[in-house]
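Colleague: Mind looking over this structure? Questions follow.
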Amino acid sequence: MISRPQNFEIFTLDDRYSTTMLLTRPFDNYLIYNNKGIVTDESKFNINDLKFNIENSKFIDKPEDKFETMLFLPKTNNRLYEGGLRTKGYFKHNYKLYNNEWYIIDSGNKLIEKISLPDSILKTNIYNKQITDIPLVSIITVVYNGEKYLEETIQSVITQTYPNVEYIIIDGGSTDGTLDIIKKHENVIDYFVSEPDKGIYDAMNKGISLILGKWINFLNIKDKILYIDYESLVFLNSTNSCYYLNERDMIKRREPLTKFYLTHNTPCHQSIFYYKNELELYNTDYKIEADFEQMTKLCKRILWPIYSNHCGFFDINGVSGKYVKDKSWKTLLRRTFIINRNLGLFYGFISFLHILRIKIQNYFKIKSKL
């Protein structure tokens, strides 16, 4: 193996994009590159770095960890493509000011390495505020045959003014032009793969296993992130819900992520900014309710609503929107079962009363039309 010193210099590949402003090459003493500047398969799974707590390109598990974090997804026989900044040796971090010097920190705020940040980043891109932290935001998009709307979703992420954004795209092996669109933006996406998966939550779990950021947000195709609020990233320390709009009424709103609210409604999934230490893998046994179940688990620890000032755009005609509109007995009872199991009998009973109210209202609506 060719041995090279670790490179903690900041690289800004293109200052027009939030995803290419704060990059480092921390594993150059492990990685080998081919003649196209791409990390070789032989080296990318052999990163062992005690400073970053990495063994064989995976972060060593801690007792509090709820999922395994890795730098690259294991290779599969049916993979169509893999690419992005990570495959060229570029990675991102959380940064913190300590004794007037900037450091790379891990998810537990442990100081890893001193680093110099460009003045242009500190003064221009975070709204001229006095800052002591620059947390990394990880945004995940899962897609399958989404060529019609994927471009606008990608653009909404990479053109943010906040300079420390990590973008991960998991494509389920699309057969339309989706992969071509992703390849077009390969130099501003941190990591992406295109390969068949076992459904939307399997794809989301792949994305979760790759996140290096402190905050995580999920954007489906046609959804957009409109604004990332710096102060919300720094001063909040728990999963929160932010503002969102939809194309039907274009009214900015926020929904509470609480036990009681979940008994009769579901916050817009794209409006949730997950705190990494609280996020879990999605239950792939569910075809459509796994994000709702994730919220019920989070609400065991969240006692009151926590709001942020980020803002997103939610496609009301997408999968999540259709699920919210589904008022069938099967769907409503399944939600009540999840609430009963994760939040307890009291909230399960309230949820059941909500079902009865919906069904009684629907009965009288139908009867009035006859």
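The values are calculated or read from the model by the stated rules, or taken from the named source; none is laboratory data. No experiment lies behind these values; they were computed from the predicted model shown. Backbone-built Cβ (ideal geometry, glycine too); neighbour counts: all protein chains shown.
Colleague: Return the residue satisfying two criteria in turn: it lies in region 129-143 and is touching a strand residue (DSSP E or B) at 6+ places or on another chain (Cβ under 7 Å) and either free of Cβ contacts under 8 Å to residues at least 24 places away in the same chain or of a type in the set (S, T, N, Q) (or both), and of such residues it is surrounded by the fewest Cβ atoms within 10 Å (Cβ to Cβ).
Modeller: T132
Colleague: Please work out which residue is surrounded by the fewest Cβ atoms within 10 Å (Cβ to Cβ), limiting yourself to region 84-101 and to residues that are part of a strand (DSSP E or B) and touching a Lys or Arg at 6+ places or on another chain (Cβ under 7 Å).
Modeller: Out of the qualifying residues, it is E101.
Colleague: For residues in region 281-338 being among the small types (G, A, S) and over 17 Å from D223 (Cα atoms), which is modelled with the highest pLDDT?
Modeller: S308
Colleague: Let me spell it out: the conditions are (1) modelled with pLDDT of 90 or more; (2) part of a helix (DSSP H, G or I); (3) not aromatic (F, W, Y), and N362 meets all of them except one. Which number is the exception?
Modeller: Unmet condition: (1).
Colleague: Find all pairs meeting these conditions: Cβ atoms under 6 angstrom apart; at least six residues apart or on different chains; first residue within region 174-201 and assigned to a loop (DSSP other than H, G, I, E, B); second residue among the aromatic types (F, W, Y).
Modeller: S174/Y144; V188/Y17; I189/Y167; D190/Y167
Colleague: List pairs: first in region 75-92 and in contact (Cβ under 8 Å) with a residue 24 or more places away in the chain and closer than 15 Å to T40 by Cα, second of a type in the set (S, T, N, Q) and assigned to a loop (DSSP other than H, G, I, E, B), Cβ under 9 Å, 6+ apart or cross-chain?
Modeller: Partner pairs satisfying both residue conditions: G84/N187; L85/N187; K88/N187.
Colleague: State all residues of region 63-83 that are part of a loop (DSSP other than H, G, I, E, B), over 23 Å from N164 (Cβ atoms) and not basic (K, R); if no residue qualifies, say none.
Modeller: P63, E64, E68, P74, T76, N77, N78, L80
Colleague: Next question, about the same structure. Scan N53, N94, N100 and give me the residue that is modelled with pLDDT of 90 or more, closer than 24 Å to T12 by Cα and not hydrophobic (A, V, I, L, M, F, W, C).
Modeller: N94
Colleague: A follow-up question, please. Given V234, V188, V157, which one is under 16 Å from V137 (Cα atoms), in contact with a Ser or Thr (Cβ under 8 Å, 6 or more places away or on another chain), at pLDDT below 95 and of a type in the set (V, I, T)?
Modeller: The match here is V234.
Colleague: I would also like to ask the following. Please specify each residue of region 10-35 satisfying the condition of being under 22 Å from Y167 (Cα atoms) and part of a loop (DSSP other than H, G, I, E, B).
Modeller: Residues satisfying the conditions are T12, L13, D14, D15, R16, Y17, M21, L22, P26, F27, D28, L31.
Colleague: Return the total of residues in region 267-289 being of a type in the set (S, T, N, Q), surrounded by fewer than 18 Cβ atoms within 10 Å (Cβ to Cβ) and either part of a helix (DSSP H, G or I) or over 18 Å from the mean Cα position of the chain (by Cα) (or both).
Modeller: 1
Colleague: Scan region 150-172 residue by residue and report those that are under 28 Å from K198 (Cα atoms) and surrounded by fewer than 18 Cβ atoms within 10 Å (Cβ to Cβ).
Modeller: Selection gives E151, E152, Q155.
Colleague: Residues to consider are K51, K66, K44; find the one that is in contact (Cβ under 8 Å) with a residue 12 or more places away in the chain and under 30 Å from K183 (Cα atoms).
Modeller: From the options K51, K66, K44, the qualifying one is K44.
Colleague: Quick one: which of I126, I105, I115 is surrounded by 13 or more Cβ atoms within 10 Å (Cβ to Cβ) and either at pLDDT below 90 or in contact with a helix residue (DSSP H, G or I) (Cβ under 7 Å, 6 or more places away or on another chain) (or both)?
Modeller: I126
Colleague: Can I ask one more? Please find, within region 1-23, the residue that is surrounded by the most Cβ atoms within 10 Å (Cβ to Cβ) out of those that are among the polar types (S, T, N, Q) and over 12 Å from K88 (Cβ atoms).
Modeller: So, considering only residues that are among the polar types (S, T, N, Q) and over 12 Å from K88 (Cβ atoms), the one surrounded by the most Cβ atoms within 10 Å (Cβ to Cβ) is T19.
Colleague: Any idea which of S232, S238 is in a loop (DSSP other than H, G, I, E, B), of a type in the set (S, T, Y), within 26 Å of H93 (Cβ to Cβ) and under 19 Å from the mean Cα position of the chain (by Cα)?
Modeller: S238
Colleague: Next up: How many residues are over 26 Å from L117 (Cα atoms), more than 21 Å from the chain's Cα centre (by Cα) and surrounded by fewer than 20 Cβ atoms within 10 Å (Cβ to Cβ) when one looks only at region 39-59?
Modeller: Total meeting the criteria: 8.
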